[in-house]
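Here's the structure we're looking at; comments come further down.
The values are calculated or read from the model by the stated rules, or taken from the named source; none is laboratory data. All figures in this text were calculated on a predicted structure; none of them were measured in a lab. Virtual Cβ from ideal backbone geometry, glycine too; neighbours counted across all protein chains shown. To get the accessible areas, we keep the full protein, side chains included, count just its heavy atoms, and leave off ligands, DNA and RNA. Shrake-Rupley method; radii C 1.70, N 1.55, O 1.52, S 1.80 Å.
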Amino acid sequence: MISISKASAIVKRETVSLGTENVRIGEAVGRVLAEEIRADSDMPPFDRSQMDGFSMRASDAKSAPVTLKIVGESAAGRGWHKTLRSGEAVRIMTGAPVPAGADSVQKVELTSESDGTVIVKEPTEKGRFIVGKGAEIRKGERLFRSGDAISETMIATLAAFGYASVRVADKPLVSILSTGTEIVAIEKQPGRDQIRNSNSIMLKVLAEQAGARVKLLTKTGDDLAKLKSRISAGVDAGSDVVVITGGVSVGKYDLTKAALRELGAEIFFEKVRLRPGKPTVFARLGKTLIFGLPGNPVSAAVTFYLFARVAIMKMQGASQIGLRPGFAVLTSGAKAAKERDTYLPAKLSTSREGVLVAEPIRWHGSSDFVGFAGANALLFVGKGQTLASGSTARILFL
């Protein structure tokens with residue numbers, strides 16, 4: 001049995017990056033950048049007005065109220081490209097270029113226009129309501145790094161600097177195989193001693209959220225020959241990763257490790273000092289990485305987050321390959337297993353004082369997917385430890 005950190009290090013060591021492709025930015029959200037993104041111009045590209053009003057020289061309004069001559073108008077896309085002189089003003093709109101010679105904008109609410117002149121009712125100062133050229137970013141500066149996951153908020157920036165398409169990492173192909181004679185399809189009514197196949201669809205969603213393409217393999221019962229055939233089918237389909245749930249413990253019908261050995265897979269580890277998820281298997285068959293995860297849904301989810309997701313993200317060259325870590329204050333106590341580091345489901349919220357707090361969720365073990373459904377974080381408790389209410393704990397954001 002190995003530690004979580006050693007298991008994670010082995011997964012990272014055995015995972016190689018995939019190739020890259022170009023995609024249109026409208027289809028790029030969730031993909032991982034495979035190039036640096038740099039500004040092709042200053043932003044803003046000119047001194048830009050933040051207000052509707054009048055551009056002028058601040059020195060002309062020192063003794064406001066003062067009357068200035070209106071000599072032109074600057075609108076977005078239609079600037080006034082002459083030089084403003086003392087005693088003059090240019091009508092200006094939000095987002096429009098500030099004319100040469102002007103060093104301030106007075107908002108329209110503090111002016112009064114009449115017969116080609118404007119009365120500026122209050123003084124202003126240099127730079128008022130002006131965003132200077134290059135104030136946001138300079139030409140050539142880096143906007144985003146290779147390895148950044150593209151979010152919705154990044155799309156406008158990419159577009160503004162001319163990136164109609166971007167180079168991103170290829171999506172890994174992940175095949176998912178659920179095992180167990182007891183499982184039936186979601187749409188079927190379970191018979192005696194049967195349960196619906198909740199793991200396959202859960203893992204499909206988690207893998208897709210991590211950027212993968214997903215293929216669901218036909219589930220198999222506790223039959224060694226069929227299990228070997230299903231695993232081989234996933235490998236032969238060109239899968240970068242095959243995720244198997246169930247059959248990884250030491251019972252009579254736990255056949256995953258036997259199937260992998262008979263297929264000639266190299267097994268890197270098969271037990272992790274972790275609760276839930278002790279009997280997690282990591283192997284490689286040919287060029288395909290194999291994860292054997294426990295059949296209990298919570299164990300399957302936790303071990304996917306900690307190990308399989310790491311491999312999927314590393315294949316894409318992501319700079320953040322693990323779940324985002326953080327800290328939160330516990331609303332009640334939490335206890336780990338005696339000899340295993342423990343990840344407990346928790347629900348995060350913010351206190352009236354603005355403190356991030358974590359409420360450990362009452363659940364009944366690794367098969368309690370109903371309790372786990374309310375979690376938005378995993379709470380870490382080191383082996384043999386008990387954390388008191390009010391203490392600060394390490395968390396992973398889900």
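Here is how the numbers come out for the structure above:
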item: Within the stretch 90-135, tally of residues that are more than 44 Å from the chain's Cα centre (by Cα), in a strand (DSSP E or B) and surrounded by fewer than 17 Cβ atoms within 10 Å (Cβ to Cβ); result: 5
item: So Arg142, is it surrounded by fewer than 13 Cβ atoms within 10 Å (Cβ to Cβ) and among the basic types (Lys, Arg); result: yes
item: The stretch 83-109 residues that are at positive phi, paired with ones that are of a type in the set (Lys, Arg) (beta carbon under 8 Å, 6 or more apart); result: Gly87/Lys69; Gly95/Arg48; Gly101/Arg57; Gly101/Arg85
item: Some residue of the stretch 71-79 being touching a Lys or Arg at 6+ places or on another chain (Cβ under 6 Å), modelled with pLDDT of 95 or more, open to solvent by less than 30 Å² (accessible area, probe 1.4 Å) and not charged (D, E, K, R); result: no
item: Flag if Leu323 is assigned to a loop (DSSP other than H, G, I, E, B) and within 24 Å of Val310 (Cα to Cα); result: yes
item: Candidates Ile321, Ile361, filtered to the one that is closer than 27 Å to Asn296 by Cα, out of contact with any strand residue (DSSP E or B) (no Cβ under 6 Å at 6 or more places or on another chain) and surrounded by 15 or more Cβ atoms within 10 Å (Cβ to Cβ); result: Ile321
item: Residues of the stretch 349-382 satisfying the condition of being within 13 Å of Arg394 (Cβ to Cβ), of a type in the set (A, V, I, L, M, F, W, C) and in contact (Cβ under 8 Å) with a residue 40 or more places away in the chain; result: Ala377, Leu378, Leu379, Val381
item: Residue list for the stretch 275-318, restricted to those being assigned to a loop (DSSP other than H, G, I, E, B) and either in contact with a strand residue (DSSP E or B) (Cβ under 9 Å, 6 or more places away or on another chain) or not small (Gly, Ala, Ser) (or both); result: Pro276, Gly277, Lys278, Pro279, Thr280, Lys287, Pro294, Gly295, Asn296, Gln316, Gly317, Ala318
item: Residue check, Ser41 open to solvent by less than 40 Å² (accessible area, probe 1.4 Å) and either at pLDDT 95 or above or under 30 Å from Phe161 (Cα atoms) (or both); result: yes
item: Verdict on Asp222 being of a type in the set (Asp, Glu) and within 19 Å of the chain's Cα centre (by Cα); result: no
item: Residue that is least open to solvent (accessible area, probe 1.4 Å), among those in the stretch 337-357 that are hydrophobic (A, V, I, L, M, F, W, C) and under 21 Å from the mean Cα position of the chain (by Cα); result: Ala346
item: Residue count, the stretch 163-209 (criterion: farther than 17 Å from Arg230 by Cβ, in contact with a Ser or Thr (Cβ under 9 Å, 6 or more places away or on another chain) and part of a strand (DSSP E or B)); result: 3
item: Considering residues of the stretch 217-263 that are at pLDDT 95 or above and among the acidic types (Asp, Glu) only, the residue most open to solvent (accessible area, probe 1.4 Å); result: Asp236
item: Qualifying residue in the stretch 364-385 (condition: in a strand (DSSP E or B), over 29 Å from Arg196 (Cβ atoms) and not aromatic (Phe, Trp, Tyr)); result: yes
item: Residue match in the stretch 252-263 (condition: in a helix (DSSP H, G or I), in contact (Cβ under 8 Å) with a residue 40 or more places away in the chain and more than 30 Å from Asn22 (Cα to Cα)); result: yes
item: Test: residue in the stretch 80-92 that is in contact with a Lys or Arg (Cβ under 7 Å, 6 or more places away or on another chain) and of a type in the set (S, T, N, Q); result: yes
item: Identity of the residue in the stretch 181-199, surrounded by fewer than 20 Cβ atoms within 10 Å (Cβ to Cβ) and in contact (Cβ under 8 Å) with a residue 40 or more places away in the chain, that ends up nearest to Val32 (Cα to Cα); result: Ser198
